[in-house]
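Read the structure below first, then the notes.
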Amino acid sequence: MSSVKKVRRGGPGAVEVRLEPEEAALVRALMGQLQELLGDPPDAGDELASLGIAESAAKSDDPVLARLFPDAYRDDGEASGEFRRYTEMGLREGKREAADIVLGSLGEETPGASGQVRAVLDRDQAQAWLKALNDVRLALGTRLDITEDWYDEAAGLDPDDPRLAMFAAYDWLTMLQESIIRSVH
């Protein structure tokens, strides 16, 4: 992946993100995977779900979902379950919406005249990008068991290790997120 020097302020309150086609494809793929991980919204006919309340809610056995939706009260499982019952559906929907905004703002599959995929984001869209990128980074970081010395671990991997691409994606997403933050503020 190239370094992220393709994020800049656009017009008033706007951020312009220009990605190479393979970078845009990576972002699309990761957002799609995030959406799959989050699952489908509840059935509209479910009366409690229509109010954003889960019939029952428990911390996921999947470490990524547990990281994306942590317990609110570490020392009180019952209170955490009750909190989760009233909040997790809304949190999931917010994460789905952020991923949808990223996918929608990337637009067409083919690059523009510059050979790049260009997304011009208003402030709300830029915030959605930041949220969705953070969720994908949390998911990758959890799967890779990222620690403070992850750079050393990645540097020591065999070039054929499949995790190497995931470490590279994590690093690139970090740079992209930081570039958007700097352009927003």
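Readers should treat all values here as calculations from the given coordinates under stated rules, not as data from a laboratory. The model shown is predicted, which means the values in this text are computed figures rather than measured ones. So basically every Cβ, Gly included, is an ideal-geometry build from the backbone, and we count neighbours across all protein chains shown.
Here the simple spin-label model places points 7 Å from the Cα toward Cβ, and for Phe83 and Ser56 these points are separated by 2.2 nm.
Strictly greater than 27 Å: what percent of every Cα pair in the chain meets that? Counting pairs separated by more than 27 Å, the tail of P(r) holds 37 percent. Computed from the C-beta positions of Val120 and Leu91 and an R0 of 30 Å, the FRET efficiency is 0.60 to the nearest 0.05.
Extension gain for Ala25 to Tyr151 (0.36 nm times residue separation, less C-alpha to C-alpha distance): 42.9 nm.
The value obtained for the stretch 129-185, namely the Cα convex hull volume divided by the number of residues, is 79 Å³ per residue. Partner aspartates and glutamates whose Cα lies under 17 Å from the Cα of Lys6, excluding those fewer than 8 positions away in the same chain, are identified as Glu16, Glu20, Glu22, Glu23, Asp122, Asp171, Glu178. A dipole drawn for the chain from +1 and -1 charges on Cβ atoms has a positive end, and of Val184, Pro70, Met166 the residue lying farthest that way is Val184. From its DSSP helices (H runs of at least four residues, each -39,500 (n - 2.57)), the chain gives a residue-normalised ellipticity at 222 nm of -19000 deg cm²/dmol.
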